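Asker: My questions all concern the structure below.
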Amino acid sequence: QVQLVESGGGLVQAGGSLRLSCAASVTIGSIPRMGWYRQAPGKQRELVAVLTSGGSTNYEDSVKGRFTISRDNAKNTVYLQMSSLKPEDTAVYYCYLGTYSACYWGQGTQVTVSS
């Protein structure tokens, strides 16, 4: 029953910024874990950022200092603010929601960073 809808992807030049949004169909305030994953062509899907209901965050090493994950509980939406984008950030980005009994994925949004 949980649906996640990503938006905000697109084409941007290196050094630019994008903000991804993930709107959930359920209340997310107490969801144990929400995050963003990405998958580049020819590579495995990898964790980009994770945010827990307690407010702690973790980031993949290559995006630390450039990406910020946040949540708006009133809007049931999680965001990924991406700055100083690099061509290697090009990938399909997926929203993830994890509970103690199930996990859910969005359909993904394409981010392309050109040189």
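Asker: Need the list of lysines near Lys43 for cross-linking: C-alpha distance under 23 angstrom, and skip anything on the same chain fewer than eight residues off.
Answerer: In chain and number order, the partners are Lys64, Lys86.
Asker: If you don't mind, there's one more thing I want to ask. Please state the relative contact order of the chain as a whole percent: Cα pairs under 8 Å, 6+ residues apart?
Answerer: 37 percent
Asker: I would also like to ask the following. Can you give the extra length, in nm with one decimal, that the chain gains between Lys64 and Lys43 once fully stretched, where that is 0.36 nm per residue apart less the Cα-Cα distance?
Answerer: 5.6 nm
Asker: Just to confirm, what accessible area per residue do you get for the range 19-115 at 1.4 Å probe, in whole Å²?
Answerer: Details: 4940 Å² over 97 residues.
Heavy-atom SASA per residue in the range 19-115 reads 51 Å².
Asker: For the chain, what proportion of DSSP beta bridges, expressed in % and rounded to the nearest 5, is antiparallel?
Answerer: Numbers: 38 of 42 bridges.
Percentage antiparallel, nearest 5: 90.
Asker: Which whole-Hz couplings ³J(HN,Hα) result when phi for each residue of the range 105-115 is put into the Karplus expression 6.51 cos²θ - 1.76 cosθ + 1.60, θ = phi - 60°, listed in order with x for Gly and Pro?
Answerer: Rounded to whole hertz, the list is 10, x, 7, x, 9, 7, 10, 10, 10, 9, 7.
Asker: Let me ask you something else. Obtain the nm distance between the two label points defined at Cys103 and Ser84 by a simple spin-label model: each point lies 7 Å from its Cα along the Cα-to-C-beta direction.
Answerer: Rounded to a tenth, the inter-label distance reads 2.9 nm.
Asker: Each label point is 7 Å from the Cα along the Cα-to-Cβ direction; what then is the distance between the points at Ser7 and Asn73, in nm?
Answerer: The answer from the label model is 2.4 nm.
Asker: List the Cys residues of the chain that have no partner Cys with a C-beta closer than 4.7 Å.
Answerer: So far as the 4.7 Å Cβ criterion goes, Cys103 stand without a partner in the chain.
The values are calculated or read from the model by the stated rules, or taken from the named source; none is laboratory data. Everything numeric here is computed off the predicted structure, so don't read it as measured data. FYI the Cβ positions are ideal-geometry reconstructions off the backbone, even for glycines, and counts take in every protein chain you see. Accessible surface is based on the protein model in full, side chains and every heavy atom, while ligands, DNA and RNA are left aside. Shrake-Rupley method; radii C 1.70, N 1.55, O 1.52, S 1.80 Å.
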